[in-house]
Amino acid sequence: MSRMVNPVRVAVIGSGPAGLYAAEALVKQTDGNVRVDVLDRLPTPYGLVRYGVAPDHKSIKSIARYLQKVLEDPAVRFLGRIELGRDITRADLLDCYDAVIYATGAMVDRHMGIPGEDLPGSVAATDFVNWYCGHPDAADHDFDLSVEEVAVIGVGNVAVDVVRILAKTAEELRDTDVPEHVIEALSRSRVKRVHMIGRRGPAQAKFTTKEARELGDLANAGIHVSPADMDLDPASAALAESDRHVRGNVKVLGGWTAEPPARPRRIDVRFWRAPVEIIGTGRVEGLRLERTRLDEAGRVTGTGEFETLPVGMVLRSVGYKSVALDGVPFDERACTVPNEAGRITGPDGAPVPREYVAGWLKRGPTGVVGTNKSDAAETVTHLLADLAGASTPPKRSIDDLIESRGLPVVTYADWLNLDAAEIALARALERGERVKLARWDAMCDACRPPK
């Protein structure tokens, strides 16, 4: 545990799991002799837990209750609705704090790089996830659910979440926190068939076995995998034999090779297929796929066999990447902030004084929510070691800066007002524990209700 003569003042940029675990580590490693301001551009804390975890995964969303305790620590403040690059600069942060930790996550989808990807009806899975999770940036997104067939590109947990939401009825989601306008849109959905597409085979699928089982348990949709897609090459068979996770996935997938029972919707999980073109005149009308295989080096290669699916919407979920922060070093190729164990490094490879990084922005989009805890602790350990013995105080106060610029900061108390409003809305609509407010104006109004 680090001992400081005076409280260390640290800004954490981002209030998702990475940022809040970093705040927690700062409190624990200094025995509370610290002042942490957690800044976020949104008026709500919890980041990916609020806006990325599927609404019907209530056990995972309960992590917010743990993170809430971090924000309630006397040494920690939440300062919402402050955006780096718009409201404050990197230089401002370094003037107001002893150190800064950037923990903004990975916010955008990777592109597939195929013809037709920009057609209307071809969208990023994160946009769809943000929409049904009530992110204010996506509140007015319009997804054409009048189509009967949809393709979801990717076989990770996010792809499975998207497929599950498309396959469920609106009524099945009524006891979740999905915004009311999303429930209304889903109630009008005419989607009958969802194709989940993987470039590799079942042994290389990235979803967890638990997520896979949830797809098979849907009451409103039957699920099918072609028996031919379950043929494993020797390397894949060896992987399934040695890896418990892979073995579990292959077992679950193998149970879906029989023709599924007739239900209102159908899910087809298609392995060994690579998207090569999105077809359409003015909007998505089909998806062209090439059959694939693994070569001797384990790389995906095309076979020259093609097929076209008559889909009206394509949702890509082929990985996430972080975006550069204004003025902060960034590796455009890796889409991370260059660092050594959390210490940000400059072009010469030397550590940049007083600046640190945590979470996906540090290591890329890997691991689960809990991975961020040890990751943040590592960053904080190095931060405190670097500051040991430092005596130069910050040049100015963040509170003075906020006041001088008239920034409409959302405090933790303001967030609790919004939290209460969402709980009250659920009660009024007779819908579960909470219903999210999704539009900026409604959220900000709820933060400061009339007296």
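In this structure, is residue 426 among the small types (Gly, Ala, Ser), in the same structural domain as residue 70 (by TED's automatic domain parsing), touching a residue at least 60 places away in the same chain (Cβ under 8 Å) and assigned to a helix (DSSP H, G or I)? Spelling it out, it is not the case that residue 426 is among the small types (Gly, Ala, Ser), in the same structural domain as residue 70 (by TED's automatic domain parsing), touching a residue at least 60 places away in the same chain (Cβ under 8 Å) and assigned to a helix (DSSP H, G or I). Screening residue 251 against (1) exposed (fewer than 15 other Cβ atoms within 10 Å of the Cβ); (2) closer than 17 Å to residue 193 by Cα leaves a single unmet condition, (2). Kindly provide the set of residues from region 186-196 that are surrounded by fewer than 16 Cβ atoms within 10 Å (Cβ to Cβ) and either touching a Pro at 6+ places or on another chain (Cβ under 6 Å) or closer than 25 Å to residue 439 by Cα (or both), ordered by number. Result: 187, 188. Which of the residues belonging to region 424-451 are of a type in the set (A, V, I, L, M, F, W, C) and either modelled with pLDDT under 95 or surrounded by 14 or more Cβ atoms within 10 Å (Cβ to Cβ) (or both)? Of everything in region 424-451, those that are of a type in the set (A, V, I, L, M, F, W, C) and either modelled with pLDDT under 95 or surrounded by 14 or more Cβ atoms within 10 Å (Cβ to Cβ) (or both) turn out to be 425, 426, 435, 437, 438, 440, 442, 443, 444, 446, 447. Residues considered: 109, 127. Of these, the only one that is within 29 Å of residue 183 (Cα to Cα), free of Cβ contacts under 8 Å to residues at least 40 places away in the same chain and among the acidic types (Asp, Glu) is 127.
Can you tell me how many residues in region 151-171 are acidic (Asp, Glu) and free of Cβ contacts under 8 Å to residues at least 60 places away in the same chain? Explain how you work it out, then say what you get.
Pass one, region 151-171, residues acidic (Asp, Glu): 161, 171.
Retained after the next criterion (residues that are free of Cβ contacts under 8 Å to residues at least 60 places away in the same chain): 171.
Number of matching residues: 1.
Conditions tested, residue by residue: (1) among the aromatic types (Phe, Trp, Tyr); (2) in contact with a Phe, Trp or Tyr (Cβ under 7 Å, 6 or more places away or on another chain); (3) surrounded by 17 or more Cβ atoms within 10 Å (Cβ to Cβ).
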site: 244; (1), (2), (3): no, no, no
site: 260; (1), (2), (3): no, no, no
site: 271; (1), (2), (3): yes, no, yes
site: 283; (1), (2), (3): no, no, no
site: 294; (1), (2), (3): no, no, yes
site: 316; (1), (2), (3): no, no, yes
site: 323; (1), (2), (3): no, no, no
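Screening region 141-156 for residues that are in contact with a Ser or Thr (Cβ under 8 Å, 6 or more places away or on another chain) and surrounded by 19 or more Cβ atoms within 10 Å (Cβ to Cβ) and picking the one that is nearest to residue 192 (Cα to Cα) gives 152.
Residue 186 passes every criterion in (1) in contact with a Ser or Thr (Cβ under 6 Å, 6 or more places away or on another chain); (2) over 19 Å from residue 271 (Cα atoms); (3) of a type in the set (A, V, I, L, M) apart from (1). The set of residues in region 380-407 that are without any contact (Cβ under 8 Å) to a residue 12 or more places away in the chain and among the acidic types (Asp, Glu) comprises 399, 400, 403.
The helices (runs of 4 or more DSSP H) found wholly in region 158-248 and carrying at least 2 residues that are acidic (Asp, Glu) occupy 180-187, 209-216. Considering region 158-176, and only residues there that are surrounded by fewer than 19 Cβ atoms within 10 Å (Cβ to Cβ) and either touching an Asp or Glu at 6+ places or on another chain (Cβ under 9 Å) or hydroxyl-bearing (Ser, Thr, Tyr) (or both), the residue that is nearest to residue 272 (Cα to Cα) turns out to be 169.
Strands (runs of 3 or more DSSP E) fully within region 282-328 that include at least 1 residues being without any contact (Cβ under 8 Å) to a residue 12 or more places away in the chain: 300-309.
Going residue by residue through region 83-95, is there one that turns out to be within 19 Å of the chain's Cα centre (by Cα) and in the same structural domain as residue 385 (by TED's automatic domain parsing)? So that I can check it myself, show each step before the final result.
Step one: filter region 83-95 for residues within 19 Å of the chain's Cα centre (by Cα), giving 83.
With the extra rule that they be in the same structural domain as residue 385 (by TED's automatic domain parsing), the set shrinks to 83.
Within region 83-95, one or more residues are within 19 Å of the chain's Cα centre (by Cα) and in the same structural domain as residue 385 (by TED's automatic domain parsing).
At least 1 residues being among the aliphatic types (A, V, I, L, M) and more than 15 Å from residue 135 (Cβ to Cβ) is the threshold, and among the helices (runs of 4 or more DSSP H) wholly inside region 1-69 those reaching it are 17-29, 58-61.
Give the residues of region 70-82 that are part of a loop (DSSP other than H, G, I, E, B) and among the aliphatic types (A, V, I, L, M), sorted by residue number. Explain how you work it out, then say what you get.
Restricting attention to region 70-82, the residues satisfying the condition of being part of a loop (DSSP other than H, G, I, E, B) are 72-75, 81-82.
75, 82, listed by residue number.
The values are calculated or read from the model by the stated rules, or taken from the named source; none is laboratory data. In this text the structure is predicted, and so the values were computed from the model without any measurement. Note that each Cβ is placed from the backbone with ideal geometry, even for glycine, and that neighbours are counted across all protein chains shown.
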